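The values are calculated or read from the model by the stated rules, or taken from the named source; none is laboratory data. Worth saying up front: this structure is predicted, and the values here are computed from it rather than measured. Here the Cβ is made from the backbone with ideal geometry for all residues, glycine too, and neighbour counts use every protein chain on show. Remember, those area values only see protein heavy atoms, side chains included, never the ligands or the DNA or RNA. Shrake-Rupley method; radii C 1.70, N 1.55, O 1.52, S 1.80 Å.
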Amino acid sequence: MEDVTSSVSGLAFVDQDLDLGDLGGVVQWNAPSDTRRVEAYRVYLTDGASTRSLIGTEIPLGLNETFLPAETDNVWSLVEVYTRSKLVEQTTPIGLAISDTSASVSGIDFVDDDLDLTNLGGSLTWLKPTNAAQVESYVAYLAEACQDSVVAEVTGSLSLSVAATETQVLAAVQASLATMLGVSQSEIIIASITAVSARRLSTTWDVTYKISVPVAQASQLVALTAAINVDATSFVATLREELLHQGVDSAAVTSLQLLSFSTASVRIVVNDLANSTDDSDSGDSNTSDTRRLASSPTSVPLWICHAEVLGNATVNETSMDILVDTPLRNFTHILIYTSSTLAEQTTPEAHLILDAFASVSGVSFQDLDLDLGELGGTVLWLEPQTSQRLLAYDVYLAASETGQFWCPAKLGRFGSKPPMAGYGKTESPTVVLVTGGTGLVGKAINKVVNEDDAAKGETWVFLSSKDGDLVDRSATEAIFKKHQPTHVIHLAARVGGLFHNMAKKVEFFRENMLINDNIMECCRIYGVKKLVSCLSTCIFPDKTTYPIDETMLHNGPPHDSNLGYSIAKRLVDSMNHCYKEQYGCQFTSLIPTNVYGPHDNFNVQDGHVIPGLIHKCYLAKQKGEDMVLWGSGTPMRQFIFSEDLARLIVWVLRDYQEIEPIILSVGEEDEVSISDVAQMICEAMDFKGKLVKDTTKADGQFKKTASNKKLRSYKPDFKFTPIRQGIQTAVDWFVENYSAARK
């Protein structure tokens with residue numbers, strides 16, 4: 001008789017659910033040394049006694065792991081693996097004590113450096129979790145606390161001197177505050193009213209009040225009280241009317257003096273209704289759209305009803321920039337979740353948002369220059385009531401009193417330090433001018449915009465060379481005068497293939513410099529709100545490391561083969577920064593990799609790689625000849641389909657806020673050789689002839705691998721068209737439109 005023992009070994013489980021009280025991850029083990037009788041494994045969570053729960057289903061012999069879903073309640077002490085034969089399940093399993101991983105950030109800090117009410121901007125920081133071994137990244141959200149969760153308690157005080165009774169003063173102050181702050185009188189609680197001193201003709205009263213409002217409304221009330229603190233004229237007038245209404249003698253009302261009026265403070269408190277909320281699973285109080293959080297630093301329990309992603313950070317980062325002019329809307333908190341390879345945390349840390357507001361008041365200017373059409377004199381203003389984050393004042397001449405002219409004339413900066421860096425949010429386009437609008441990319445944008453509901457109500461103008469010569473300044477100005485664009489996408493350029501670039505470097509430099517200068521200066525003069533210029537990866541240094549990214553643009557000279565074109569295009573980035581610094585203009589640029597698709601220039605001599613090869617293959621098929629590939633075919637390139645690029649360009653126009661350029665490209669893993677591209681074209685064209693390589697022709701730059709990491713940080717889910725599918729679309733379009741195609 002043989003007593004068979006078959007137990008697993010090397011049992012391992014690392015909890016990758018980062019919430020305390022929840023488990024999730026992979027359970028792994030080594031097979032028994034003797035598996036002759038083993039048919040399957042069963043994996044249980046157990047309490048170490050008689051209670052256990054099977055994880056998933058049986059695991060067949062040959063597989064040595066099982067998956068424990070995230071958010072599994074941790075009411076267990078062990079994970080145990082049993083072997084099972086045909087007859088029975090093992091009774092002496094191998095067990096492992098469970099260690100519950102908890103990894104939450106701490107010390108969240110955000111000070112709003114955007115001084116506009118209802119807008120945010122500044123640096124968000126936090127401290128790493130104590131145990132960050134399983135943390136892969138951080139995800140920050142802007143979140144809105146449910147109205148029933150917390151409220152803002154706004155507290156303020158004032159002091160006045162008037163000959164009136166306590167009842168009269170209380171009622172008049174309450175009514176006046178309601179009128180000036182835009183709240184109902186019932187929402188204002190007079191916390192205290194004290195007669196500090198009494199004279200024969202008047203009494204000095206100190207009044208403290210409280211108002212409970214939704215958190216999102218608190219900043220507005222603080223701003224209103226700050227305005228009264230600076231100029232109380234309207235409040236005093238309202239207070240006098242209310243005192244008369246309360247029966248105070250008119251002579252006493254006339255002698256009223258407002259001695260002080262403080263800017264209100266804010267404290268977040270738990271709403272009584274929220275405290276009574278049933279935390280059980282019954283009822284509708286806890287839906288899939290709400291989450292209960294522990295708020296830091298206020299330690300107030302919260303229900304979060306709505307949240308939007310603010311950004312992502314790697315595990316090695318502990319800060320994130322929130323762009324200036326980020327709309328606050330109804331958001332009340334910033335949430336930071338840790339994320340593992342398994343799942344994102346469900347119990348993040350929360351931080352209350354305090355919206356900073358600092359505007360000057362009392363701006364005045366008297367023109368002392370007596371010539372018509374010219375100004376001169378001193379601009380005066382009163383400092384903001386709250387100025388802790390204020391570093392300087394920038395003074396502009398603008399086209400309207402609201403400052404909604406994107407490139408106003410800057411008069412100067414006043415203060416010891418420059419203002420905080422950041423770029424404004426792009427407004428919705430009204431008139432979008434697309435130069436080079438009938439070319440490869442322009443046609444693709446036209447198609448994308450016509451299918452975009454967001455573009456309804458906008459005017460999109462797609463220019464061709466027939467509309468004017470952009471090399472000529474007067475012709476360019478005429479276009480801007482005619483269309484009055486609010487936004488410009490600049491695609492126009494003198495372009496050509498490798499050999500044309502090598503032969504005409506001076507012409508490529510001079511013409512592109514003139515075009516770019518005319519467009520940028522007209523955008524400034526005519527008040528264009530945003531300019532997006534299209535560059536090329538050929539502008540990057542020839543001698544560099546790969547993959548190239550946006551920070552490497554000016555690290556060395558570009559490849560000599562297209563030096564004129566590359567330098568002209570590279571200078572667009574330099575001028576974008578100059579225009580931003582000197583005039584405040586929002587000019588940015590994008591850098592696509594090799595573009596292909598319908599409506600391209602299919603000229604064999606001067607066209608780019610894919611369109612030139614498509615035309616070559618077409619001619620070879622028609623003539624029954626070999627298709628000749630110039631060069632060895634070994635250079636590697638990344639190709640982006642024109643309609644993919646068009647969708648990304650529209651996104652840059654609407655949502656990308658940086659002046660720094662951004663590479664728009666497929667990933668490094670999608671880089672292909674010219675030889676492989678030629679073979680794909682032959683297959684798409686159903687070309688049965690021979691593909692030969694003419695190695696006497698130059699190859700050009702061997703590789704220009706570009707990183708799309710920055711793009712993926714903004715658009716992680718963007719789907720690119722596979723190159724075979726894109727080439728087939730381009731080939732089909734060319735064959736169907738051969739007579740009309742550019743060639």
What shape does the range 471-526 take by its C-alpha gyration tensor, where a ≥ b ≥ c are the square roots of the eigenvalues and a/c under 1.5 counts as rounded, a/b above b/c as prolate, and the rest as oblate?
-> prolate
Excluding ligands and nucleic acids, what accessible area in Å² is computed for PHE67 using a 1.4 Å probe, to the nearest 10?
-> 110 Å²
Order these peptides, 560-566, 230-236, 737-743, by their mean beta-carbon neighbour count within 10 angstrom, highest first.
-> 560-566, 230-236, 737-743
Lysine pairs in the range 573-705 with alpha-carbon atoms under 29 Å apart, 8 or more places apart or on different chains: how many are there?
-> 19
Work out the charge dipole of the chain with +1 on the Cβ of Lys and Arg and -1 on the Cβ of Asp and Glu about the Cα centre, then indicate which of SER212, LEU648, LEU120 is farthest towards its positive end.
-> LEU648
Which three extents, in whole angstrom, do the alpha-carbon atoms of the range 660-743 cover along their principal axes, largest first?
-> 44, 33, 22
For the chain, with every protein chain kept in place, what is the accessible area per residue (1.4 Å probe, Å²)?
-> 48 Å²
Assuming 0.890 mPa s and 25 °C, estimate D for the range 421-556 with Stokes-Einstein, Rh taken as the Kirkwood radius over Cα pairs, in µm²/s.
-> 148 µm²/s
Counting helices only, and only those DSSP H runs with n ≥ 4, report the 222 nm mean residue ellipticity of the chain as the sum of -39,500 (n - 2.57) divided by its residues, in deg cm²/dmol to the nearest 500.
-> -7500 deg cm²/dmol
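Between VAL75 and LEU54, what FRET efficiency follows from the Cβ-Cβ distance if R0 is 22 Å, with the result rounded to 0.05?
With R0 = 22 Å, the Cβ-Cβ based efficiency is 0.90.
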Carbon and sulfur %, accessible surface of the chain computed with the full protein complex present, 1.4 Å | 50 percent
For VAL506, the accessible surface traced by a 1.4 Å probe with all protein chains present amounts, in square angstrom to the nearest 10, to 90 Å²
So how many Å³ per residue does the convex hull of the Cα atoms of the range 489-592 work out to?
-> 96 Å³
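Is the chain rounded, prolate or oblate when judged by the Cα gyration tensor, a ≥ b ≥ c being the square roots of its eigenvalues, rounded requiring a/c under 1.5 and prolate requiring a/b larger than b/c?
Taking the square roots of the gyration eigenvalues as a ≥ b ≥ c, the chain is oblate.
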Using a 1.4 Å probe, how large is the accessible area of MET575, given in Å² and rounded to the nearest 10?
-> 80 Å²
Note to self: Kirkwood Rh of the range 604-743, Cα pairs, one decimal, Å, is 16.5 Å
Return the Rg/Rh value of the range 1-160, two decimal places, where both radii are evaluated on C-alpha atoms and Rh is the Kirkwood radius.
-> 1.25
Reference-scaled alpha-carbon Rg (2.2 N^0.38 Å with N residues) for the range 152-228 | 1.15
Which of LYS715, LYS623 is most accessible, then next, and so on - probe 1.4 Å | LYS623, LYS715
